[in-house]
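Working notes, beginning with the structure itself.
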Amino acid sequence: MQFPVVKPPVGIVFDSAMDRIDDVLALAMLHGFDGKDQARIAGIAVSNSNLQAAQFCDAVRIFYASATTGPAAMFMHAPPVGLADTKPAASAPMLAVSEKSAVKSINDTAEVGTLIRNALTAYHDTNAAVVLSGPATDLAKLLDMYGVKDLIARKVRLLCVTESGLSADVAAARKVYDMWPTPIVTVKEDVGAALPFPGESIEKDFAWASGHPVVDAYRAYRPMPYDAPSWAMAAMLYAVRPKENYFKLSGADDKRRYLMADPEQKERVIRAYIELASAKPVARKPRHPVDDKKAEEKKKEAAK
């Protein structure tokens, strides 16, 4: 008897400048989705050369991975953070968590195009999505790689882009909009203000955690209290749950559409933001059973 193949949760590639607090909150949401088995983190990339941004992303990964302990933790592997090869980028106080990261130098990061290409190959056809919050520089370079456009056409069901981040590299944005082979949904500029993340949630819904890198970043980004715009969060929410009617869509062309706020769904969207961004780390099991003997041998090697 043959059984149907069940696709795993959608794989998300998140490429961001990591220079705004909504990028940080979207990263927390992605880990929340992953913990709920509603998405998988296929790859995380920083679209500039700010090593501290890569270190921050890795520190967030380590925070959420902390729930997995024992032999299983030794077999949990994540791809390195992608770091773009661009001119040096200014850092920001919200990213100052490098001592909690395993990324010590550029050698601990990955070339973004290679990272995304390799990530996509691991997923079933049409079971990956890309969220872009920042300049399109990385994706424009990705499209130049041999055979990648065909790979994207097979693997990626959606590219979700924040309009607010594209102005940093207009030429790259034009190239991606012209050449990207699957549907693109663009989060309109006004969505960020229309659906703000409530700052009071930082004090209330994250109270279970001490030393939470996302909370530390939120407090360092701007004097408290403040509500944060949600461009990247909206893109992440739609990329994972496109059929939940959180937003309105405009545009006659199914391949190129715009995401807009729906006033009737505002409370529902913000509840989803809070639920996912404040989700506690979840213990994960490795995809393959843990071999206790190998785990013990690996533990001894690590102790040397």
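The values are calculated or read from the model by the stated rules, or taken from the named source; none is laboratory data. Remember, it's a predicted structure, so these values are computed and weren't measured experimentally. Every residue, glycine as well, gets a Cβ built from its backbone with ideal geometry; the counts of neighbours run over all protein chains shown.
Annotations for the structure displayed:
- Residue in region 139-172 that is surrounded by the fewest Cβ atoms within 10 Å (Cβ to Cβ), counting only those that are in contact with a Gly (Cβ under 7 Å, 6 or more places away or on another chain) and modelled with pLDDT of 95 or more: 145
- Among the criteria (1) in contact with a strand residue (DSSP E or B) (Cβ under 6 Å, 6 or more places away or on another chain); (2) crowded, with 20+ Cβ neighbours inside 10 Å; (3) free of Cβ contacts under 8 Å to residues at least 40 places away in the same chain, the one residue 262 does not fulfil is (2).
- Scanning region 173-188 for residues that are in contact with an Asp or Glu (Cβ under 9 Å, 6 or more places away or on another chain), in contact (Cβ under 8 Å) with a residue 40 or more places away in the chain and assigned to a loop (DSSP other than H, G, I, E, B) gives 183, 188.
- Residue that is surrounded by the fewest Cβ atoms within 10 Å (Cβ to Cβ), among those in region 27-57 that are more than 12 Å from the chain's Cα centre (by Cα) and over 26 Å from residue 166 (Cβ atoms): 37
- Among the numbered conditions (1) more than 21 Å from residue 18 (Cα to Cα); (2) without any contact (Cβ under 8 Å) to a residue 12 or more places away in the chain, the only one that residue 170 does not meet is (1).
- Consider region 124-138 and keep the residues that are farther than 17 Å from residue 179 by Cα, buried (at least 22 other Cβ atoms within 10 Å of the Cβ) and of a type outside the set (A, V, I, L, M). The one that is farthest from the chain's Cα centre (by Cα) is 134.
- Residues in region 231-245 include none that are outside any helix (DSSP H, G or I), acidic (Asp, Glu), modelled with pLDDT under 95 and over 29 Å from residue 96 (Cβ atoms).
- Here residue 282 meets the list (1) closer than 20 Å to residue 133 by Cβ; (2) in a loop (DSSP other than H, G, I, E, B); (3) under 21 Å from the mean Cα position of the chain (by Cα) almost entirely, failing just condition (1).
- Filtered by the rule that a residue be acidic (Asp, Glu) and modelled with pLDDT of 95 or more, region 1-33 gives 15, 22, 23.
- For region 182-200, filtering for residues that are surrounded by fewer than 20 Cβ atoms within 10 Å (Cβ to Cβ) and farther than 25 Å from residue 156 by Cα leaves 7.
- The residue that is farthest from residue 167 (Cα to Cα), among those in region 190-208 that are without any contact (Cβ under 8 Å) to a residue 40 or more places away in the chain and of a type in the set (Asp, Glu), is 203.
- In region 77-108, the residues that are charged (D, E, K, R) and either modelled with pLDDT under 75 or more than 25 Å from residue 142 (Cβ to Cβ) (or both): 87, 99, 100, 104
- Annotation: residue 167 fulfils all but one of (1) in a loop (DSSP other than H, G, I, E, B); (2) more than 20 Å from residue 12 (Cβ to Cβ); (3) among the hydroxyl-bearing types (Ser, Thr, Tyr); the unmet one is (1).
- For region 30-42, the condition of being of a type in the set (Val, Ile, Thr) and in contact with a Cys (Cβ under 9 Å, 6 or more places away or on another chain) holds for none of the residues.
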